[in-house]
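Accompanying notes for the structure given below.
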Amino acid sequence: MEKLLEVNNLSISFTQYVQGLNRHDTKVISDLTIDVGEGEIVAVLGSSGSGKSLLAHSILGILPYNSHVTGEIKYKGNVLDQELKEKLRGKEICLIPQSVNFLDPLMKVSEQAIGECKDEKEHAEKKIRQREIFSKYGLDESVDDLYPFELSGGMARKVLLSTALVGDPNLLIADEPTPGLDAKSVKETIEDIRNLKEQGKGVLLITHEIDVALKTADRIAIFYSGYVIEINTVENFKNVDNVLHPYTKALINSLPKNGFNLTEGVQPLEDLPGCPYWENCPVRLDKCKDNKPELVDHDGIMIRCFNFEEVNDGA
Ligand SMILES: Nc1ncnc2c1ncn2[C@@H]1O[C@H](COP(=O)(O)OP(=O)(O)OP(=O)(O)O)[C@@H](O)[C@H]1O
Ligand SMILES: [Mg+2]
């Protein structure tokens, strides 16, 4: 399987000026490594504020001006610099944004979905595709001529989703595509994402809904306090004994069918010197407080925990 997307050691921080001239750097994403292959759906699962949208925006090249980024992002083996990001955006790489604010308030929604075309022929072809996809999501012809402010919340979400699909992406970054949708549209969204996979395309599915991740993805990456702490297969996620990180185990035990047993406290906001899960961890070691574990490959499972570094320690 060829890699479509590779994110290597990505860190994102923000410079803010507090009370005039006091510069303060806040790290939001730390040392993030993840990849998506052809015909693969990788879910990124993390709680609110854990940096999921920033990951999406850094891949698309639309981070805010006060962000500072280190690390590397590659698409089909080529480094995605700003120029390449802009060239591929909306074409080979499409985003389903989390916020409806991404819609242009001054443009009819059908024209936004069709996007820039080189001539009338291309426009006519894309118009047909736009209509097909819109009607699939229950957006009838009267919606085409509406402006974003005229849409209800649910309609706007469907427009965002359809717009990304009209672009016919090779790599889709879906940032929380399902909240606010009716049950039928959630099912259709999941089906469409799985269809892209069948066509050999790649999907990075960003969500805080573990159910959506389990129903849709091939692999799931768990975000905790700005770090990826585990990347494991969906098969393994179905059994708590087959996931490795203590936080992932707590997460799975917290599922409704397992009795909502999430015992851990709030995720730390500051980047601590040690493991971000140290304070809440039931299996912590002495060194976890002051040392940061690396993300290592443990029999094909990526894990960031000293309990699984015995091979490295012994080397
Ligand atoms: N321009 C900015 N300046 C400073 N901090 C920012 C900026 N943009 C985002 N952040 C911070 O980065 C963190 C991560 O934001 P992000 O939107 O990526 O979270 P998220 O995981 O997508 O959350 P949610 O599940 O609510 O969508 C937040 O704590 C946010 O306050
Ligand atoms: Mg978000």
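Scanning segment 1-57 for residues that are within 21 Å of E230 (Cα to Cα), touching a strand residue (DSSP E or B) at 6+ places or on another chain (Cβ under 7 Å), open to solvent by less than 70 Å² (accessible area, probe 1.4 Å) and polar (S, T, N, Q) returns N8, S11, S30, T33, S50, S53. Residues of segment 89-102 that are surrounded by 19 or more Cβ atoms within 10 Å (Cβ to Cβ) and away from ligand 1 (no atom under 16 Å from the Cβ): I93, C94. Scanning segment 103-134 for residues being surrounded by fewer than 16 Cβ atoms within 10 Å (Cβ to Cβ) and among the hydrophobic types (A, V, I, L, M, F, W, C) gives a total of 5. Taking the residues in segment 174-197 that are modelled with pLDDT of 85 or more and hydrophobic (A, V, I, L, M, F, W, C) as candidates, determine which candidate is most open to solvent (accessible area, probe 1.4 Å). Residue satisfying both the conditions and the ranking: A183. The set of residues from segment 206-252 being within 21 Å of N195 (Cβ to Cβ) and within 16 Å of ligand 2 (Cβ to nearest atom) comprises I206, T207, E209, V212, A213.
Taking the numbered list (1) within 12 Å of ligand 1 (Cβ to nearest atom); (2) modelled with pLDDT of 95 or more in turn, I29 passes all entries but (2).
Entry remark, segment 11-33: residues being away from ligand 2 (no atom under 16 Å from the Cβ) and either part of a loop (DSSP other than H, G, I, E, B) or of a type outside the set (D, E) (or both) number 16 in total. One residue stands out in segment 34-49 among those that are over 11 Å from the mean Cα position of the chain (by Cα) and within 16 Å of ligand 2 (Cβ to nearest atom): the one that is farthest from T207 (Cα to Cα), namely G49.
Inspect segment 83-105 for any residue being of a type in the set (F, W, Y), within 16 Å of ligand 2 (Cβ to nearest atom) and closer than 23 Å to A213 by Cβ and give the result as yes or no. Yes; the residues of segment 83-105 include at least one that is of a type in the set (F, W, Y), within 16 Å of ligand 2 (Cβ to nearest atom) and closer than 23 Å to A213 by Cβ.
The values are calculated or read from the model by the stated rules, or taken from the named source; none is laboratory data. Nothing here was measured: the structure is a model prediction, and the numbers come from that model. We place every Cβ from the backbone using ideal geometry, glycine too, and count neighbours over all the protein chains shown. Side chains are part of the model used for accessible areas, which takes the heavy atoms of the whole protein and leaves out ligands, DNA and RNA. Shrake-Rupley method; radii C 1.70, N 1.55, O 1.52, S 1.80 Å.
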